[in-house]
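Student: Sending over a structure as structure tokens; questions will come in a sec.
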Amino acid sequence: MAEEFRTARDTMGEMQIPVDALWGASTQRAVENFPVSGQPVPAEVVQAHAMLKWAAATANEERGVIDPELADAIRRAADEVIAGDLDDHFPVDVFQTGSGTSTNMNVNEVVANRAKQLLGEDLSSPRVHPNDHVNASQSSNDTFPTSVHVAVARVAAEDLLPALRHLAGSLRDKERAFADVVKSGRTHLMDATPVTLGQEFGGFARQIELGIERVEKALPSVHELAMGGTAVGTGLNCPPGFAERVIELMAERTGLPFREAEDHFEAQGARDALVEVSGALKTVAVSLIKIANDVRWLASGPRTGLYELQLPEIQPGSSIMPGKVNPVIPESVRQVAAQVIGNDAATTIGGLSGELELNVMIPLMARNVIESERLLAAVSRVFVDKCLAGTEATDQGPRLVERSLMQVTALVPEIGYERSAELAKKAHRTGQTLREVALEDGVPEETLDRVLDYKRMTEGGVL
């Protein structure tokens, strides 16, 4: 026992800690209390929290709360956490105390113990205290929401938005490539007037571009940070200017426009900003389902489906049917989108569960929003690189557009709705083309030549 564990103490007494672990008694209690999912708090949140401790050490040093040597050691230790060098020392399950106190103490203890080592002290030394020094001027109730907001904003800026722009750009490329591919439009899955394949892909691109705008519009809400409210929003034990300095340092380090909350009671009692961001992510997921599903439909076949698109063949599609190839990437996209929609539902429940001066569903909300950001970013890149980039138009759409009956719509200004309907019904009944039955019915050939111009039909107006 003496070789494998060490003894650590907190206000509740002693705990046995793995000898190589940098955490302390509070963290060990959380590890034992929450053996729930096996999923730790997202690394992005832990790293953002360490960045907060890094900034707080400077702000506290400047205000004489801690001495320069301790502040320097805390900053150096925090930098190691930020770099991911100490990831193994953050074992607390994400489904923990709803304020994130367990993770705050995990970071406090790891930073304090690593700072001791950097100062040449034993882990049992009182030289750097997790509460008195690393957590000075702070509370879990203002720091953890702050770190969650910072993490969500960083993942959006550094990962999600670039991936969505990559996807939108690829769809715009296909819009241009398919601009002259005329095909039958479809409404209610039934034949409709002609469109170009490029117009369809342009619609997809605009969905993603609007999704980018929605995420960007939601981000200012998470740029507002709870830092400075301490326990309940009053700022008790927080020195003047401390919160502003911490936020300034974090904004400088990340390049993001963080600012102090206008009302600390709102910033700690509610988590509406995360609900707003999650809603934008859900909308992006809904867009992706539409796009991926349409791509699946357009690529269906190849002999008995629409087969207007040929997707890249990247893996066998069946263990029993030789030669079968399936639209596996769009299927992956749709599964991710479903997960994001589910995450949003849980995030919504988390958001409406704030009570009085604190919301105690923050770790759940952080997990879900960041997972949604990660998943959407990853699958957007996969969609482009493994599917859309190699997708080609077949000749099926242009070849079958002549067989569509709904081009009769362009005849309505010439011969009226009822006569046009009769021509469409006759063509369907007899298997003839619309042009053939119209000629038989006495519609002048020059009128048909002018009106049944399928490419011009895609451009609107009266022919």
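The values are calculated or read from the model by the stated rules, or taken from the named source; none is laboratory data. Keep in mind that what you see is a predicted model, and the values were worked out from it rather than measured. Backbone-built Cβ (ideal geometry, glycine too); neighbour counts: all protein chains shown.
Student: Which one of these is in contact with a helix residue (DSSP H, G or I) (Cβ under 9 Å, 6 or more places away or on another chain) and either on the phi < 0 side of the Ramachandran plot or assigned by TED's automatic domain parsing to the domain that holds residue 359 (or both): 72, 88?
Tutor: Every option except 72 fails the conditions.
Student: Within the bounds of segment 125-141, is there any residue that is within 30 Å of residue 263 (Cβ to Cβ), in contact with a Cys (Cβ under 7 Å, 6 or more places away or on another chain), in contact (Cβ under 8 Å) with a residue 24 or more places away in the chain and assigned to a loop (DSSP other than H, G, I, E, B)?
Tutor: Scanning segment 125-141, I find at least one residue that is within 30 Å of residue 263 (Cβ to Cβ), in contact with a Cys (Cβ under 7 Å, 6 or more places away or on another chain), in contact (Cβ under 8 Å) with a residue 24 or more places away in the chain and assigned to a loop (DSSP other than H, G, I, E, B), so the answer is yes.
Student: Now, a different point. Within segment 19-43, track down each residue that is part of a loop (DSSP other than H, G, I, E, B) and either surrounded by 11 or more Cβ atoms within 10 Å (Cβ to Cβ) or hydroxyl-bearing (Ser, Thr, Tyr) (or both).
Tutor: Going residue by residue through segment 19-43, those that are part of a loop (DSSP other than H, G, I, E, B) are 19-24, 34-39, 41-42.
19, 21, 22, 23, 24, 34, 37, 39, 41, 42 - these are the residues of segment 19-43 that are part of a loop (DSSP other than H, G, I, E, B) and either surrounded by 11 or more Cβ atoms within 10 Å (Cβ to Cβ) or hydroxyl-bearing (Ser, Thr, Tyr) (or both).
Student: Are there any helices (runs of 4 or more DSSP H) wholly within segment 212-317 with 2 or more residues that are within 30 Å of residue 400 (Cβ to Cβ) and of a type in the set (D, E, K, R), and if so which?
Tutor: Details: elements: 242-254, 264-269, 272-298.
Because the criterion is at least 2 residues that are within 30 Å of residue 400 (Cβ to Cβ) and of a type in the set (D, E, K, R), the helices (runs of 4 or more DSSP H) in segment 212-317 that meet it are 272-298.
Student: Could you look through segment 264-297, keep only residues that are among the basic types (Lys, Arg) and more than 30 Å from residue 356 (Cα to Cα), and pick out the one that is surrounded by the most Cβ atoms within 10 Å (Cβ to Cβ)?
Tutor: Top of the filtered list is 296.
Student: Among 360, 295, 284, 333, which is within 30 Å of residue 200 (Cα to Cα) and more than 18 Å from the chain's Cα centre (by Cα)?
Tutor: From the options 360, 295, 284, 333, the qualifying one is 295.
Student: When you go through (1) surrounded by 16 or more Cβ atoms within 10 Å (Cβ to Cβ); (2) not assigned by TED's automatic domain parsing to the domain that holds residue 314 one by one for residue 383, which number turns out not to apply?
Tutor: (2)
Student: Take the residues in segment 58-84 that are small (Gly, Ala, Ser) and within 15 Å of residue 109 (Cβ to Cβ); name whichever of them is farthest from the chain's Cα centre (by Cα).
Tutor: For segment 58-84, the residue satisfying everything is 73.
Student: Another question, if that's okay. Between 240, 322, which is under 30 Å from residue 383 (Cα atoms) and surrounded by fewer than 16 Cβ atoms within 10 Å (Cβ to Cβ)?
Tutor: 322
Student: Condition first: of a type in the set (Gly, Ala, Ser) and surrounded by 13 or more Cβ atoms within 10 Å (Cβ to Cβ). Now tell me which residues in segment 391-420 satisfy that. Quick ask: steps written out before the conclusion?
Tutor: The initial filter retains those residues of segment 391-420 that are of a type in the set (Gly, Ala, Ser), namely 393, 397, 404, 410, 416, 420.
Result: 393, 397, 404, 410, 420.
Student: Is it fair to say residue 249 is on the phi < 0 side of the Ramachandran plot, buried (at least 23 other Cβ atoms within 10 Å of the Cβ) and either in contact with a Phe, Trp or Tyr (Cβ under 8 Å, 6 or more places away or on another chain) or acidic (Asp, Glu) (or both)?
Tutor: no
Student: Please enumerate the residues belonging to segment 89-102 that are farther than 17 Å from residue 15 by Cα and either over 25 Å from the mean Cα position of the chain (by Cα) or buried (at least 24 other Cβ atoms within 10 Å of the Cβ) (or both).
Tutor: Across segment 89-102, the qualifying residues are 100, 101.
Student: Residue 132 is checked against (1) under 21 Å from residue 245 (Cβ atoms); (2) buried (at least 21 other Cβ atoms within 10 Å of the Cβ) and fails just one. What number does that condition carry?
Tutor: Every listed condition holds for residue 132 apart from (2).
Student: Which ones in segment 387-441 are in contact with a strand residue (DSSP E or B) (Cβ under 9 Å, 6 or more places away or on another chain) and outside any helix (DSSP H, G or I)?
Tutor: 391, 392, 393, 394, 403, 404, 405, listed by residue number.
Student: Still on this model: Could you list, in sequence order, all residues of segment 190-211 that are touching a residue at least 60 places away in the same chain (Cβ under 8 Å) and farther than 15 Å from residue 309 by Cβ?
Tutor: Listed by number, the residues that qualify are 191, 192, 193, 194, 207, 208, 210, 211.
Student: Residue 16 fails exactly one of the following numbered conditions: (1) outside any strand (DSSP E or B); (2) free of Cβ contacts under 8 Å to residues at least 24 places away in the same chain. What is the number of that condition?
Tutor: Only one criterion in (1) outside any strand (DSSP E or B); (2) free of Cβ contacts under 8 Å to residues at least 24 places away in the same chain is unmet by residue 16, namely (1).
Student: Out of the residues in segment 168-188 that are assigned to a loop (DSSP other than H, G, I, E, B) and touching a residue at least 12 places away in the same chain (Cβ under 8 Å), state the one that is farthest from residue 388 (Cα to Cα).
Tutor: Here the answer is 180.
Student: Still on this structure: Could you tell me which numbered condition residue 353 fails, if it satisfies all but one of (1) among the small types (Gly, Ala, Ser); (2) surrounded by fewer than 17 Cβ atoms within 10 Å (Cβ to Cβ); (3) modelled with pLDDT of 95 or more; (4) within 30 Å of residue 161 (Cβ to Cβ)?
Tutor: Residue 353 satisfies every listed condition except (3).
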